[in-house]
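Quick note: the coordinates plus some simple rules give every number you see, no bench work behind them. Keep in mind that what you see is a predicted model, and the values were worked out from it rather than measured. We place every Cβ from the backbone using ideal geometry, glycine too, and count neighbours over all the protein chains shown.
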Amino acid sequence: MMVYETENDIIVIDTGFMLPNADMPGVDLILPDIHYLVERKEKVRGILLTHGHEDHIGALFYVLRQLDVPVYGTQLTLAIASGRLREYNVLGKAQLNTVAPGDTVELGDFSAEFIHVTHSIPDTVSIALRTPVGVIVHTGDFKFDMTPVDGKMSDIQTLARLGSEGVHLLISDSTNAERSGQTPSERSIYGTIDNIFQKADQKLLLCTFSSSLHRIQQFINLANIHRRLVAVTGRSLINNVRIASELGYLNLNPDYLIDARDASTFKSHEVMILCTGSQGEPRSAMSLMALDNHPFLKVEHGDTVVMSARIIPGNEKAIGNVVNHLLRRGAKIYHERNANVHVSGHGASEDLKLMLNLLQPKFFMPVHGEYQNLMRHAELAESVGIPSENIKVAEDGELIRLTPETCKIFGREGRSGRVLVDGKPDIELEDIVLRDRIQLSEEGILVPIIVLHSDIKADTSGTDNGGSSENMPTGIGAVDEIIQTDLPPKTGLNAGQIEIISRGFVYMDKSEELIEEAKEITRRVVENLSDEQKHETQVVQDEIRSALRRFFSKQMQRTPLIFPVVMRV
């Protein structure tokens, strides 16, 4: 998401989500933090979308719940976005406005011109913004595909015209900045896939992103040539194929299409199955088939599986697990590391330099990708003649002030960055909860339970720990049974029984000596407190927690989450 603001108006370009990494336990989605926009909602004139990938449109439902503003995008982009808006009951209030390449939209101080560029999904556009300080070109995702599947090349003429007229600032995709040369055409994988079709003598399963419509079209074309029926499974893939077919972006002969539930009724060499799960998503069709948990599709010995997608960093383990299970089932596997079955939709270094040379911007700012990608793109910009002082590498939340003479990073917005979603999109997960989850997963939890007896009730006979163990709650459920009783301030308190519960930290039966020592440390901490301190539950808990953290850190170089529970009887 990029926000452009003048004194009077704000426009937003793209509003996507991210998927969580393996180090984000329990997180389902990552959405942009839009407090900045909500606080200035009277200035927001519209949201402009560059294309229909989820990392550019996936958070639209979340934004439109809080901002009642018009949305502008191409036909396919809005059709795909509408599906998620409908899913979250936002479609009815959404103001969706269809634009085409070459159209211009006036939004307050901004005039936005839409320019066709090639990517891995049809109807992708760059956006040229005419602003009070000059022209800004926001490329979105792009590459220069000279032989696109749909025959629609990037509008190089318009880009060159803008460059000759003068571009003040270029904001450009950096995803593949570290790759040398030019990104191959989408058609470059056709020969490899065709060869796989020829060799496959049983079921052929092709797994890709649900929005990779150019690739899906090639798969369908080859299925027709090799006389295989086409079955589609996976909710997002079914929806996108239906939408693209209805709008004419996908040429699918209905005579070749079968219901995936009926695939087993045909001979295996007569069927091609399109499915989701290229990133090892646990509930995807491919993952379920790999584990033999799919309700009606199976991978059998001799079947061929093609995983035609980039391995997104962080997903290597999940993808590896799926591949391993498929291999155990006797399938032949093709993926980007052992065959030419995937080509990127993002421009490599030569594509990026071509964009820079076409537009010849005064100022340049790389976006998208890791910080190393941004820095490499900055180097490419300098190599084509943009002065280093005119190149700004900014990160999420930073503020850039653009004037006719300057482009400077001048601060950071305090409320910006990411919103973590746990389950439903309206359940936001605070960073502190995520940190606790990570620590729990790495270090475990320890619950010391301490009984404090008043002087008049204390009975230290019959137990090794100085208090009666009769009716003492045990187990992790004991925490829920604790009732704390406030005693008169002047009543003395003595440490009684102490129990320690461990989950995910140490195995109690094999760590008796360690646990007993921890109990003794807990007892000494309590005994060294004054009577007044013993009546302050928080004080007792803090002192015990600190002492046990030091002890376990020294003994085991580990620090579990420690939650002392204090009972008074």
*What's the angle, to the nearest 10 degrees (0 to 90), between helix 512-527's Cα axis and the longest principal axis of the chain?*
70
*Three-way shape call for the range 285-427 based on the alpha-carbon gyration tensor, with the a/c threshold at 1.5*: oblate
_What does the C-alpha gyration tensor say about the overall shape of the range 1-98? Classify as rounded when a/c is under 1.5, otherwise prolate if a/b is larger than b/c, or oblate._
oblate
*Dipole magnitude of the range 273-407 about its Cα centre, charges +1 at Lys/Arg Cβ and -1 at Asp/Glu Cβ only, in debye to the nearest 20?*
520
*Among Ile562, Ile319, Pro184, which residue has its Cα positioned farthest towards the positive end of the charge dipole of the chain, with +1 placed on the Cβ of Lys and Arg, -1 on the Cβ of Asp and Glu, and the dipole taken about the Cα centre?*
Pro184
*Relative to the longest principal axis of the C-alpha atoms of the chain, give the angle of the C-alpha long axis of helix 156-165, reported between 0 and 90° and rounded to the nearest 10°.*
80
*Mind ordering 133-142, 232-241 by average Cβ neighbours within 10 Å, highest first?*
133-142, 232-241
_Estimated 222 nm signal from helices in the chain, with DSSP H stretches of n ≥ 4 weighted -39500 (n - 2.57), rounded to 500_ = -9000 deg cm²/dmol
*Can you list the aspartates and glutamates whose alpha carbon is less than 14 Å from that of Lys93, not counting same-chain residues fewer than 8 positions off?*
Asp68
*Does the range 232-301 come out rounded, prolate or oblate by the C-alpha gyration tensor, with a ≥ b ≥ c the root eigenvalues, rounded set by a/c under 1.5 and, if not, prolate when a/b is larger than b/c and oblate if not?*
oblate
*Evaluate E = 1/(1 + (r/R0)^6) for Met153 and Val433, where r is the Cβ-Cβ distance and R0 equals 51 Å; express this FRET efficiency to the nearest 0.05.*
0.60
*Just the Cα atoms of the range 206-355: what Rg and Dmax do they give in Å?*
15.6, 52
*Give the angle, between 0 and 90 degrees and rounded to the nearest 10, that separates the Cα long axis of helix 213-225 from the longest principal axis of the Cα atoms of the chain.*
60
*Grab the Cα-Cα distance for Glu87 and Phe266, subtract it from 0.36 nm times how many residues apart they are, and report the gain in nm with one decimal.*
61.1 nm
_Calculated P(r) tail over 36 Å for the chain, as whole % of Cα pairs_ = 50
*Could you tell me which chymotrypsin sites (Phe, Trp or Tyr not before Pro) in the range 1-80 are loop residues by DSSP with no more than 11 other beta carbons within 10 angstrom of their beta carbon?*
none
_Subset of Lys203/Lys298; Lys534/Lys554; Lys143/Lys317; Lys199/Lys267 violating a 19 Å alpha-carbon distance limit_ = Lys534/Lys554; Lys143/Lys317
*Qualifying chymotrypsin sites (Phe, Trp or Tyr not before Pro) for the range 498-569 [loop in DSSP, other Cβ within 10 Å: at most 15]*: Tyr507
*Quote the charge dipole size of the chain about the Cα centre in Debye, to the nearest 20; the model charges only the Cβ of Lys and Arg (+1) and of Asp and Glu (-1).*
1460
